[in-house]
Amino acid sequence: MTSIAYPIVERTLPNGLRVIVSEDHAVPNVAVNLWVGVGSRHEAPGRTGLAHLFEHLMFQGSRNVASGEHFSALMNEGARLNATTWFDRTNYFETIPVGALDLALWLEADRHGYLLDAVTQENLDNQRDVVKEEKRQRYDNVPYGQALIDIYATVFPEDHPYHHPTIGSMEDLDAATLEDVHAFYRAHYGPNNTVLTLVGDISPEQGFAAAEQYFGALQPIELQHRERVPQLSPIAEPVRLDRPGDVPNDRIYVSFRLPVDTTPEYHACSIAVDVMSGLASSRLMRRLVRTDETATSVAGWAMGLVDGVGLGTITVDIAAGADPEQAEATVCEELERFLAEGPDEGELESVIADTERSWLSALASLEERADHLSHHALLTGDPSYVNTFVDRVKSVTAEQVREAAATWLDPEARAVVRYLAEDEAEVAA
């Protein structure tokens, strides 16, 4: 068994804030990490993008903090900080010298408790434009930029909370009113919907006392109960979406629904995706790139989600002159072989070793350990999962991988998004 035993001490404040401390005196720094239980899956139809828009508004000032001061005050102390939004959560994080911990917590408490004092129409309009420009730069105007959006739309049903992307749509961003924004904040931003994780040069007693000092006065919110979506079945029959356009080469994305995050079946599927496409020695890399020479690269990944489904994707960059339909047929052929055989001993050992190496590397970082602790405290209810993850993966057998793949990675249950380079003559026409 793997000996991972990072100290994890947890306490819930009277207002519902969950506080986790992982003491580590290797360096005189502390990673401050907050996960709020709101992401794009909590958005209402016609109001997509609000969770991500809020991430931006959280840096535009609060009751006692001027616009932009959160960044400047902490960076002057040598901090690294940022925020991200995802389907299932929004997180805010900074890594600071231990002497700046009081400042960091005061700033976080001010915006998590008293943001609306500074959310004006001017700030909303400003950050709406920033988010729209981000969408243009990251999604709309780069090759393959819409790929994830297309994958979500083909894999998940239209009424599913993961069907639409976190960035939202231009139309919905334009439609968001100041009243919408205030209501969204009041519905989701409260201490009883938040996890605060502190990792680094601090004892649990110090961490809990500091959390109580700065966050203890924040008032809980009335949480909106929403049943999670039942586990989705695999896709009933192949689905395809073609995107001809100005891209460097043809690329295909072959995606599948997977079981929900942290389950044994999800781990088994994740191993199967890695054996097929996630490693330099994967089956599809050997077949498509080295033997057939019909692809220049192959990649694969599994995404653990919590609301009724996961996601696995295989990406193939098609070689010049090669037929993307033949490459897709080869992917299906190799998957069928895997469903019949499962992984061999060497493949299973290689994937598990690579998974363990990546996990240990992540936990060695204060920032990443804090992020994983917040993740599992908020979404799975078990922050100690970070210490048991590798053992869970190691317990998966080759037969379990084969059985899970037979259910979830059947080629007949695939959703294919193809980005096809337009012929120069067609572009000119």
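General observations
- Among the candidates LEU81, LEU101, residue that is touching a residue at least 40 places away in the same chain (Cβ under 8 Å) and crowded, with 16+ Cβ neighbours inside 10 Å: LEU101
- Qualifying positions in the stretch 48-67 - of a type in the set (Gly, Ala, Ser) and either open to solvent by 10 Å² or more (accessible area, probe 1.4 Å) or on the phi < 0 side of the Ramachandran plot (or both): ALA51, SER62, ALA66, SER67
- Single residue of GLN213, GLN206 found to be out of contact with any helix residue (DSSP H, G or I) (no Cβ under 8 Å at 6 or more places or on another chain), part of a helix (DSSP H, G or I), open to solvent by 30 Å² or more (accessible area, probe 1.4 Å) and of a type in the set (S, T, N, Q): GLN206
- Verdict on PRO238 being more than 23 Å from ALA320 (Cβ to Cβ) and buried (at least 23 other Cβ atoms within 10 Å of the Cβ): no
- The stretch 1-31, subset of a type outside the set (A, V, I, L, M) and in a strand (DSSP E or B), residue surrounded by the most Cβ atoms within 10 Å (Cβ to Cβ): SER22
- The criterion of at least 3 residues that are open to solvent by 20 Å² or more (accessible area, probe 1.4 Å) and within 30 Å of ARG11 (Cβ to Cβ) is met by the following helices (runs of 4 or more DSSP H) wholly inside the stretch 335-419: 345-364, 366-379, 385-394.
- Residue-level analysis places ARG63 outside the set of residues that are within 17 Å of the chain's Cα centre (by Cα), closer than 26 Å to VAL130 by Cα and among the basic types (Lys, Arg).
- Filter pass, PHE93 being surrounded by 20 or more Cβ atoms within 10 Å (Cβ to Cβ) and in a strand (DSSP E or B): yes
- Every residue from the stretch 169-182 that is closer than 25 Å to ILE221 by Cα, in contact (Cβ under 8 Å) with a residue 60 or more places away in the chain and either among the hydroxyl-bearing types (Ser, Thr, Tyr) or in a loop (DSSP other than H, G, I, E, B) (or both): ALA176
- Exclusive hit being assigned to a loop (DSSP other than H, G, I, E, B) and under 30 Å from GLN121 (Cα atoms), set GLN231, GLN219: GLN219
- Evaluated against (1) open to solvent by 20 Å² or more (accessible area, probe 1.4 Å); (2) among the hydrophobic types (A, V, I, L, M, F, W, C); (3) closer than 19 Å to PHE93 by Cβ, LEU178 falls short on exactly one condition, (3).
- Of all the criteria given as (1) of a type in the set (Gly, Ala, Ser); (2) open to solvent by 40 Å² or more (accessible area, probe 1.4 Å); (3) under 21 Å from ALA377 (Cβ atoms), the one not satisfied by ALA183 is (3).
- GLU158 meets all of the listed conditions (1) free of Cβ contacts under 8 Å to residues at least 24 places away in the same chain; (2) assigned to a helix (DSSP H, G or I) but one, namely (2).
- GLY145 falls short on exactly one of the conditions (1) closer than 20 Å to VAL38 by Cβ; (2) outside any helix (DSSP H, G or I), and that condition is (1).
The values are calculated or read from the model by the stated rules, or taken from the named source; none is laboratory data. If you're wondering where the values come from, they're calculated on a predicted model, not measured in any experiment. Please note: Cβ atoms are built from the backbone with ideal geometry, for glycine as well, and neighbour counts cover all protein chains shown. Note: accessible area is taken over every heavy atom of the protein model, side chains too, but ligands, DNA and RNA are not part of it. Shrake-Rupley method; radii C 1.70, N 1.55, O 1.52, S 1.80 Å.
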